[in-house]
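The structure appears below as structure tokens.
The values are calculated or read from the model by the stated rules, or taken from the named source; none is laboratory data. Owing to the predicted nature of the structure, the values given are computational and were not obtained by experimental measurement. Cβ sites come from the backbone with ideal geometry, for glycine too, and all protein chains shown count toward neighbours. Calculation scope for accessible area: heavy atoms of the full protein, side chains included, ligands and nucleic acids excluded. Shrake-Rupley method; radii C 1.70, N 1.55, O 1.52, S 1.80 Å.
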Amino acid sequence: MTQRPPLPRRSLRPWRSPGRPRSLLPRRSPLPGAAALLAFALAGGPLRAAPTVWSRALDPAADERAELISQADALLARYDQLRRSPLLERVEEIGPLWLREARALYERAGAATSRTPSVRLRYADILEHLGDVQGAVATLEGLLRMNPPAPFRADAWHALAVCYARLGRYTDEIKAYDEALALEPHAASRALLLANKAEAHMALGDITSAVEGYRASLSALGSLDMFRYGVTTLWGLAVALDRSGDLEGSIESIRLARTYDRTDQQINGAGWFYVPSYDEAWYAALGYWAAARSAELGAARAEAYLEAVGAWESYIARAPGNDHWLPLAKARRAQCEREWEQTLKRLRKPAALQRR
């Protein structure tokens, strides 16, 4: 599961990036300075010197471009506010309209060839969120050829890695994360990069590297950052552990994630996407399984097992025949069904005794 970055990027990559999750860890993309940038957008932009007669003569269209970008940033700010609200259906209904309008404004301002790195980064984010991933890749690769300052290069590599994940270019994705990690000094942002990189290793079937990557990500987080980034990383680790054959460790990882997020709000947030999309069913199956084993009431336990079996069946039905994990998914479904049947037997036994 990969986390995407918040839309307006820091100006100096969810808007996903915590965080995949590609599975219930949608892939994550970072954007640490989004709040500050949104504030600037709402206020009309950062303070800067008024243009002189000479600067206007050199670039007569500069004021018009700045106004177009300011209008687009205000739309992005409204979209980000809506995305953080509980009205997710409104995000799906209204959000794309605002993004398309912001895209049109950015293109009128020449964002694709802008010499301002933050403008190109935000434009690439809009393209990726609207599904034009190839366009986002071209914009980001063009930005990197400009060799902007290190913070912008780190954000561009992170955003590019998320686009590569969308395109199934996992080897390129891992290389892009390595480039971003070489430039990123902040512990929380590095943890996000490491978790997304672990997702790419898992997509390639390299479970050992995936488990190591998730654990490296968790070790980089402080206690407060665990609430923001650690929850979805623990979910990713749970899937990786399960696929390594450690179901008990997987269940324990989910239990730990739920000590920070009891109702699974983060894992079901809007900042994630799954690659492949059917991986979502694996995360759901493990989540229900963990809930079944933790349930105190027999009826709740039986219901959770039934949901888990259904999620395993969904994965098996949606996965292609050459999927890495299809045989294991079938084995997990059978194991889950056995635990469900044992729960039903225990529930029926007291009822039979009572009748006698």
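Some observations on this one:
- Ile94 being under 20 Å from Arg78 (Cα atoms), of a type in the set (Val, Ile, Thr) and surrounded by fewer than 21 Cβ atoms within 10 Å (Cβ to Cβ): yes
- Output for segment 301-325, where each listed residue is of a type outside the set (Val, Ile, Thr), open to solvent by less than 20 Å² (accessible area, probe 1.4 Å) and not in a loop (DSSP other than H, G, I, E, B): Ala302, Ala304, Tyr305, Ala308, Ala311, Trp312, Tyr315
- Selection of segment 144-163 for residues being out of contact with any Phe, Trp or Tyr (no Cβ under 7 Å at 6 or more places or on another chain) and open to solvent by less than 20 Å² (accessible area, probe 1.4 Å) yields Pro148, Phe152, Ala154, Asp155, Ala156, His158, Ala159, Leu160, Val162, Cys163.
- Verdict on Ser223 being open to solvent by less than 10 Å² (accessible area, probe 1.4 Å) and out of contact with any His (no Cβ under 7 Å at 6 or more places or on another chain): no
- Condition check for Asp178 on (1) over 15 Å from the mean Cα position of the chain (by Cα); (2) more than 23 Å from Pro149 (Cβ to Cβ); (3) acidic (Asp, Glu): one failure, at (2).
- Residue count, segment 307-335 (criterion: farther than 21 Å from Gly205 by Cα and at pLDDT below 95): 0
- Residue list for segment 254-279, restricted to those being of a type outside the set (A, V, I, L, M) and surrounded by 24 or more Cβ atoms within 10 Å (Cβ to Cβ): Gln266, Gly271, Trp272, Phe273, Asp279
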